[in-house]
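The values are calculated or read from the model by the stated rules, or taken from the named source; none is laboratory data. What you see is a predicted model; the values in this text were computed from it and never measured. Neighbour counts run over all protein chains shown; Cβ positions are idealised from the backbone, glycine included. To get the accessible areas, we keep the full protein, side chains included, count just its heavy atoms, and leave off ligands, DNA and RNA. Shrake-Rupley method; radii C 1.70, N 1.55, O 1.52, S 1.80 Å.
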Amino acid sequence: MGLLPDEAKVLPPPGVVNRNSVWFGLCGWASAMLHNSLNRRPALKAGVHRQVLFITVGWFIGYHLTKYENYKYATLDRDMKEYMRLHPDVFPEKEPKTFAEIVEPFHPIR
């Protein structure tokens, strides 16, 4: 089961490149740079394998946090739509307006 319940499997997977993956990947890389700096090593050249590992772990965590975030928003949307379906008196249907009814008339000043 893991972090997500089985009902989350019906959701489409997030893109591999998303904001959480990029952010956590950069945080992993920055932590590798900070570790090199604190140990008085060359920041970019020492421990490249560790930098790649930290980026990969950060990317993995960000991807799965995005999946969890999508699941939480989907459950909130589902619950909200169910509430709206059960209480139609609170949410009456509105008649659609045309674009001309929304926009104010335009009078150019010359």
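See the values below:
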{"read-out": "Hits in the range 61-79 (condition: open to solvent by 70 Å² or more (accessible area, probe 1.4 Å) and either acidic (Asp, Glu) or not in a helix (DSSP H, G or I) (or both))", "value": "Asp77, Asp79"}
{"read-out": "The range 18-54: number of residues that are within 27 Å of the chain's Cα centre (by Cα) and of a type in the set (Gly, Ala, Ser)", "value": "6"}
{"read-out": "Of all residues making up the range 17-30, the number that are of a type outside the set (Phe, Trp, Tyr) and either in a loop (DSSP other than H, G, I, E, B) or touching a helix residue (DSSP H, G or I) at 6+ places or on another chain (Cβ under 6 Å) (or both)", "value": "7"}
{"read-out": "Residue check, Tyr83 out of contact with any strand residue (DSSP E or B) (no Cβ under 8 Å at 6 or more places or on another chain), surrounded by fewer than 16 Cβ atoms within 10 Å (Cβ to Cβ) and part of a helix (DSSP H, G or I)", "value": "yes"}
{"read-out": "Tally of residues being more than 30 Å from Arg78 (Cβ to Cβ) and open to solvent by 40 Å² or more (accessible area, probe 1.4 Å) across the range 10-42", "value": "13"}
{"read-out": "Near pairs, Cβ below 6 angstrom, 6+ apart or cross-chain, from the range 90-101 (within 27 Å of Met80 (Cα to Cα)) to any residue that is part of a helix (DSSP H, G or I)", "value": "Phe91/Met84"}
